[in-house]
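Contents: one structure, followed by commentary.
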Amino acid sequence: VADDGYRLWLKYDRLADAGQRAQYQKAARFVAVAGPDPVLRTAAAELQRGLQGLLGQPVPMQASAGPLSGGIVLKVERNAIDASAPNAPEGYRIYAEKNNLVVASPSAAGVLYGAYAVLRRVQTGGALAGWAVRSTPRIRYRLLNHWDNPNGTVERGYAGSSIWKWEELPQRLDPRYTDYARANASIGLNGVVVNNVNASARYLTPEYLPKVAALAGVMRPYGIRVYLSVFWAAPKVIGGLPTADPLDPAVQKWWANKTDEIYRAIPDFGGFLVKANSEGEPGPQDYQRTHADGANMLAKALGTHDGVVMWRAFVYKADGSGDRFKEAYQDFQPLDGKFDPKVLVQVKNGPIDFQAREPFHPLFGAMPRTPLVLEVQLTQEYLGFATHAVYLGPLIKECLEADTHAQGPGSTVAKVVAGSLDHHAQSGIAGVANIGSVRNWTGHPLGQANWYAFGRLAWDHTLDPGALAEEWTRMSLTTNAAAVRSITALLDQSRSIYVRYTTPLGLHHIMGESIHYGPQPWLAKAGRPDWTAVYYHRGDSVGLGFDRTAAGSNALALYQPAVQKQWGSAATCPLDYLLWFHHVGWKQPLSTGRTLWNELCHRYYTGADSVAWLQKQWAAARPALDAAVYADVASRLQIQQQEAYWWRDACVLYFQTLARQPVPAPFAPPT
Ligand code: GCW
């Protein structure tokens, strides 16, 4: 039977090697679990299901180990993790005791994460005997954000329609919801925003709340809480009020009542995600109030309920003479210290919008009194949809490791987000989901790796993206060593290759208008000036790039001096960020010894040619792969190759009209 990709990395096919199986069989004779806790029952059931599959033998479940040994014992143990460790309740400890392997945590959810760690261990060939490990999540709220609409469409979704079938809920629960919950729990995610940030007010109505509650019921045994994006003007649209002013007592009361109503339906409701005063969405600024006024009003509405407000900082105005790079900072940084403790401000990884490479967002490190959620995008809006292979582990990691210098060297974005830099108990990370209703969830089979790596990095940002790529490959595709090496290398290089053939040297936002696919660097007129390509690349007869130094927009001034130093001079700025910050002459020699123009050509040509290398890597793994998965990826790589040439040719030819220089050898087309 062809592998349809549905099972993701939760593939529990019998291990091929009988010797290896025998080893594990000795350590997995039974699963012991006591008590009716649903999350604990999930942990035991998942473990049983996984081990039975992998080891090809029945693994009985029993209430306790009793006198038996050689089994796996699951237990909630208050002291399993030192209470002073951040996010201790969700941590797990795995250790040997009386010849059993114990998976313990202060919470049932922690045991569940530990159970998945055991399965991962077996899937990736690690020994169970003598294994001891302790792990706690470094970030508290680890969420997927779905940009899914009530009518089943997904904004920026490329994997079919929404997985949520609102018209069938609450009566029919598609089994896919459960598998979705399993996948998320297995990588440590604990929250799901089910609807688009461009939100419909319908989700807050008595028609939809039971549907959302039904989903929450599916997620609950997997330790996952459900959240909602809210439409700011809901009190007007569905509440019959004349205003949505956050300081209006009737509006406040409406939200408080609505929140109580939600908690009656969903007692463990996670909270609200809000996009306000951004891209046409209503918000508190419509009433001359600030984002803090709005967020705090919702926080008050949450009252004593255990929920939070995640308020997005993705805001910008249609100002062609300004610099969009600075706008979120200008709106939000002055509000630092003004937010209710239940509010977290959600910031995209970079200042513009999920480009293939961005400098870290200047708000990181600039709002020490506010917990900041890092938002990354798993759906490849600007990265070739579901046709280009772009493994995002390195992109996410690059942002997490970026040094804000907010409190001297080592003040990484990861530390800001985890709350360790500024001692916040609240911390969060969100990935915009790349999931849809297509059978294999993500469209591109390799897109599954992005979902996987996001969850694992959300749990532990110190993990290495290359190691995660390898882990994912072994769990999802093959354990053949040579094939694993070949695919891991492909994944690891894929993002930098994509950057080279689309936006090398710090170019950004030069893609097709509104669709955000393919090249359109010549775009000079759009719905808004800051949606055009020429606004961003600033190409002219002299050179290329957006001057964000003091001579230009001075966006660099939003960063700490040490960061300014790193990016502030065109002579020393790392080439990957050059055109983000500098307008560089076409003939200017760069550190590579080539002029800007020649380097640009070099990157476009070698980048596009590197897709052939991706194809080679994939082809090398063929004997170890399922034929259907092989063919699927191989044909997507063919499209990617054609489109890499499209990007290269479109960009080189367009920029050539400005640079007025020949394409250098050996790339120049024959005359
Ligand atoms: O990335 C841009 C997208 C919009 C999206 C917006 C946002 C949900 O083009 O489709 O809207 O950002 O993040 O709010």
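Table for the structure above
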quantity: Contact order normalised by residue count of the chain, Cα under 8 Å, 6+ apart, percent; calculated: 11 percent
quantity: Under-5 Å amide H pairs with Y227, H placed in peptide plane, nonlocal only; calculated: V192, V193, V194, G270
quantity: Over the range 1-129: Kirkwood hydrodynamic radius from C-alpha pairwise inverse distances, Å; calculated: 14.9 Å
quantity: DSSP H segments from the chain that extend 18 Å or more along their own axis, Cα-based, with Kyte-Doolittle mean of 0.5 or above; calculated: 108-123
quantity: H305-E279 pseudo-label distance in nm [points 7 Å out on the Cα-to-Cβ vector]; calculated: 2.6 nm
quantity: Charge dipole magnitude, Cβ of K and R +1, D and E -1 - the chain, Cα centre, debye nearest 20; calculated: 1140 debye
quantity: Charge dipole of the chain about the Cα centre (unit charges at C-beta), most positive-ward option of A433, A533, A628; calculated: A628
quantity: Dipole of the chain, positive direction: furthest Cα of F454, G506, F325, with charges on the beta-carbon; calculated: F454
quantity: Other-chain or far-sequence residues with amide H under 5 Å of L507's (modelled H); calculated: L579
quantity: Point-charge dipole on Cβ atoms (K/R +1, D/E -1) for the range 65-202, about Cα centre, debye to 20; calculated: 300 debye
quantity: Three-way shape label, the range 500-659, alpha-carbon gyration tensor, a/c 1.5; calculated: prolate
quantity: Cα gyration tensor category, rounded, prolate or oblate, for the chain with a/c compared to 1.5; calculated: oblate
quantity: Furthest towards positive pole of dipole, M367, G126, Y604, structure part the chain, Cβ charges; calculated: G126
quantity: Equivalent-ellipsoid semi-axes of the range 141-476, from the Cα gyration tensor, Å, largest first; calculated: 28, 26, 18
quantity: Debye, to nearest 20: dipole size of the range 141-476, +1 on Lys, Arg Cβ, -1 on Asp, Glu Cβ; calculated: 600 debye
quantity: Relative contact order %, the range 437-558, counting alpha carbon pairs below 8 Å whose residues are six or more apart; calculated: 11 percent
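Every number in this text was worked out from the coordinates using simple rules, so none of it is lab data. The model shown is predicted, which means the values in this text are computed figures rather than measured ones. Here Cβ is always computed from backbone atoms with ideal geometry, including for glycine, and neighbour counts include all displayed protein chains.
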